[in-house]
Amino acid sequence: MAEIPCTHCNLTFSQDVMIKEKEGSKALFFCCKGCQGVYHLLNDQGLDSFYDKLGTTTLQPAIQDESNLEKFDLEGFKNKYITTDEQGLNKIHLIIEGIHCSACVWLNEKILHKTNGVIEATINYTNNKAKIVWDPEVVKLSELIHTIRSIGYNAYPYDPALQEERAISTRKTYYTRILVAVFGSMNIMWLAIAHYAGYFSGIEQSFKNILNVAEFILATPVLFYSGWIFYRSAYYGYKNRMVNMDTLVATGATSAYIYSIYAMISQKGEVYFDSVTMIITFVLVGKYLEVLSKKSAVDTLDGLMGSTPTEVTTLKDGVKSLVSIENIIIGDTIELKPGEKVVIDGEVVWGQGSFDESSLTGENEPVYKKQGDMILSGSICLDSVLHYEASKDVSSSMLTSIVNLLEESITKKPRIEQLANVISGRFSSTILLIALCTFAGWYFWAESFEQALIVGISVIVIACPCALSLATPMATLVGISLAAKRGILFKEATFLETMAKSTVLALDKTGTITEGKPSVVQADLFEGFEASLLYALVATSNHPVSKGIKSYLENSYETLETRILEEICSIEAKGIKARYQTQNLLGGNAQLLQTQDVHVSSDSENTLFFFTVNNQLVARFELSDTIKSGAAETIQNIKNLGIKVIMLTGDHERSAQKVASAVGIEQVYAKLLPQDKAGIIQDLHQAGEVVVMAGDGINDALALASSDIAIAMGNGADVAISVSDVVLLDEKFESLEEAYRLSRRTYGAVKENLGFSLLYNTITVPLAVMGFVNPLVAAFSMSLSSLVVVGNSLRIKNLTFKDK
C-alpha cells in the first residue's frame, strides 16, 4: 500500500492505517484522532489558511490532552494567578508551550480571538508569554486551556520562580554546547597549525589524510551538537518562509562542512573544518553573552518581586495565623516584624517604625511610619513590630502594579524597533542572494569552485542582521530597567522614544511644582463664622487647599462639633458647596463666589479660599504652598536640553506668577478649567509641538490624556496615574529631569546601535564579496558586531545622576 501524507501534519504513513474522510470531492487522510480534530477545528474557525503557510512542511502530530483541566477553575488557582478588573473581566498571564515561530503565535492568537468571551489575547514571541483577558460569565479558563491544547500546544500560568528555573536550564544548555564547541575548536586549531605548516613546507598525503580525518571527527559534534540551536531556528524560519540570522550561520557552516568532506574524500583541495568550528563557536558565544546581558537587564523586574513572602501573619480576635497573600482581603490586620517585606498596601493601626522604600523610590533614607500612616508593598520594615490594616488586596497593591507596568512596557515595541525588524527580516534574504551571485561571479572569474565557495561562505557569515535586530530592544530594555531602579516607570518602551523627541513640558502647579500641601498664612474671620461648619465642608474634599484649611482648623480649635451635611457637590477647579439644615454653605475661590453674586477681591500673591453662609462672607483664608526642593534648578536643566517649559494651573494669576517667577517659568496660563488645559495642549499639537504634561490631580486627567506623554507623580490621584504614560514613584521633582535624560540617552543608544549595524554591514559585506575576508575572520567579526551593540546598550547604565 502506498504511503501518503497526513492532511494536518504532513507526516507520511501507509494508506491502510490512515483515518479516511471525504470533504466534497476532496479525500482527507489523518494519522491520528488528534490531527483530525485540529484540522476540523481550524476549518470550523476559518483558520484553514494556516495550511497554506505550511506548504509541505511537517509538524508534530497533535496530542489531545484533557487532563488537569479542572484545576484552572479552582478558587485557589484564581486567587493566585487571575486578576479581575472593575468591569468584572478576568486577566491572566500564561506561558504557551510549543511555540517555535511567528506562525505559532499567529495561530494561537487567532484561535483565542475566535473563542466567544475572549476580549484580548496577545503573545510575546520572545518569551512565549500570553496575556489573555476574558469574560468569566461567557467562558471558563479551563475551556481556553482546552482550546490551546486542542491545536497541539499547552499552557501553564506564568510564575516568576518557574521562569527563573527555565532560564537557568537554558543557560546550562548553552554552557554545555559552548564547552563542546570550545574543546573542539581548541584541538582543531592545533591540528590546523600542523596543516598550515605542511601547506607551506610540504606534507605527505598520508599525514594530511590523518589530519583531515581528525579535524572531521572534532568538527562533527561541534556542528551538529553545539550548532543545533542554529539548525533548529533555521528550520522554523524555513517552515514559515523566513530567512533569519541563524539561517545564514547554518548555511555557511554546512556548506564549508560538506565541501571539506568532499575535499577529504577526493583528496583534492583543502579542508575548512577549522572554519566550521570557529563559525559555530564564535556565534554561539555571542548568543550566550546576549542571553546573559538580557537576563541582567530583566533582573530589575525579578529584583522587585524577589524574596517576596507568599504568606503573612494576620491577627483576628487576638489569634495569629499564617495566611496566603492571595487570601488577604481589605480590612484584614497584618503583623510586620523587623526585616520583613511589605506585600500588601495598608494603614498602620498599632506601633511605629522605620521603613526602607528604596526599591520603590530610589531614596535610601529610612522613612518613619506611625499610626495612621500608609505603608506600601515593596518597602521593608527595619526595626519594629507593628500592625497594619490592608487597604488593598495583593493584585492591586503597589508592588504588583509596578511589576505589571514594567512587564507591559517591555512587550510594547517602539516605532523605530518595528522599522528595524522589517529591515532585518529582508536583510537575510538579500544577503543569501548576494552570496549566491558572489559564488557565481568568483566561479566564472577565478575558475575555482573551492575559492568561489569560500568567498560565498564568508559573505553569508559576516553579514549580521542580529546586530540590527538587537539594536533597539537591548537599549530599551536597559533603559526601562535603569529607570525603574530610579523610581521612574515607563508604561511602554514606545514612550522612551516619544519623550526623547518632545519639545514642550507643561507643568501643573499644585502638587507638581509645589508640595501640594498649602498651609494657611492668614485667616480673616467675620461675623457668623462657625469653625465646625467649615470643617465639615472641607472634610468632604481631597483637594490640597481643603486639606490645608482642615489642618488649620484642627490645630486652631480644640473641639470641633460633628455636622452632617447634605447636597454636597464638588465644583471643578472652583470649590465645594453643601447644605446644613437651612444654611447654604459655599467654600472656594473668587470665581465660585461670583457665580452666586458674591463679589470679593482676589488681589493676593497667595492662594485664596472664601467661605460663605447663605451668600454672606464669613471667612477669608490665604494659603501658601512650598515649592519642591530642587524645582528651579531642575526646570533650568530641562530648559538647557532645549525643552520649552510652561505652567498650566487652575489657580489665580498672581499666585501662579509668584511660583513661576521663583522656578524660572516665563509662560504661565492661570485660572484654567480641566478642559482649558486640554485645549492649550491641543493648540500646541497643531503648532507641531510634541508635548509632555506632568500633573497629579483629578483636574489634570483630561490634560494628561491629551498630551503625547503624560507624567503622574506617585502620590497623585489614581485617575491621574491611570491615564499617565510615565509614573514618578518617588515624587521628587528631580525625577522629571532624570526621565528626560534617560529617554534621550536610551534613544541615542538606539540610533548609535542602528548606525553601527548599518555601517558594519556596508563595509564588511563588500570586503567579503571582494575576497578579502575568510570564513574564520567573518565569524569572529559577526559575533563581535553583536557584542558591540550589546555593550553599547549596557553603557546606558553609566549615566550618572545626582542624589535625590
How much net charge surrounds residue 566 when only the other residues with a Cβ under 15 Å from the Cβ of residue 566 are counted, with Lys and Arg +1 and Asp and Glu -1? +2
What accessible area per residue comes out for the range 429-582, rounded to a whole number of Å², with a 1.4 Å probe? 43
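If you roll a 1.4 Å probe over the range 559-634 with all protein chains in place, what percent of the accessible area is carbon or sulfur?
C and S atoms contribute 42 percent here.
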Integer Hz, Karplus 6.51/-1.76/1.60 couplings in order for the range 341-354, x for Gly and Pro: 8, 6, 10, 10, 5, x, 10, 5, 10, 7, x, 7, x, 9
Taking a 30 Å limit on the Cα-Cα distance, which of the listed pairs 658/732; 337/797; 485/509; 110/491; 140/341; 644/797 fall beyond it? 337/797; 140/341
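Please sort 519-530, 478-489, 274-285 by packing, taking for each peptide the average over its residues of neighbouring beta carbons within 10 angstrom, highest first. Write down the numbers at each step before the final one.
Values: 519-530: 14.3, 478-489: 23.1, 274-285: 27.8.
The most tightly packed comes first, giving 274-285, 478-489, 519-530.
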Which cross-chain or sequence-distant (5 or more) residues have an amide H under 5 Å from the amide H of residue 645, H modelled 1.01 Å from N in plane? 505
5 angstrom amide H check on residue 379, placed H, neighbours 5+ away: 342
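How would you order 112-122, 439-449 from highest to lowest mean count of nearby Cβ atoms within 10 Å? Write down the numbers at each step before the final one.
Numbers: 112-122: 15.8, 439-449: 14.0.
Taking the mean over residues of other Cβ atoms within 10 Å, the ranking is 112-122, 439-449.
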Could you work out the local net charge near residue 540, counting Lys and Arg as +1, Asp and Glu as -1, over the other residues with Cβ closer than 13 Å to its Cβ? +3
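Any of 80/517; 131/677; 129/369; 639/671; 129/370 with alpha carbons more than 32 Å apart? Name them for me. Kindly include the intermediate steps, with their values, before the conclusion.
Details: 80/517 39 Å; 131/677 35 Å; 129/369 38 Å; 639/671 24 Å; 129/370 41 Å.
Over 32 Å Cα-Cα: 80/517; 131/677; 129/369; 129/370.
The values are calculated or read from the model by the stated rules, or taken from the named source; none is laboratory data. Quick caveat, the model's predicted, so the values are computed rather than measured. No Cβ is skipped: glycine too gets one built from the backbone with ideal geometry, and neighbour counts run over all protein chains shown. Ligands, DNA and RNA are excluded from the accessible area calculation, which covers all protein heavy atoms including side chains. Shrake-Rupley method; radii C 1.70, N 1.55, O 1.52, S 1.80 Å.
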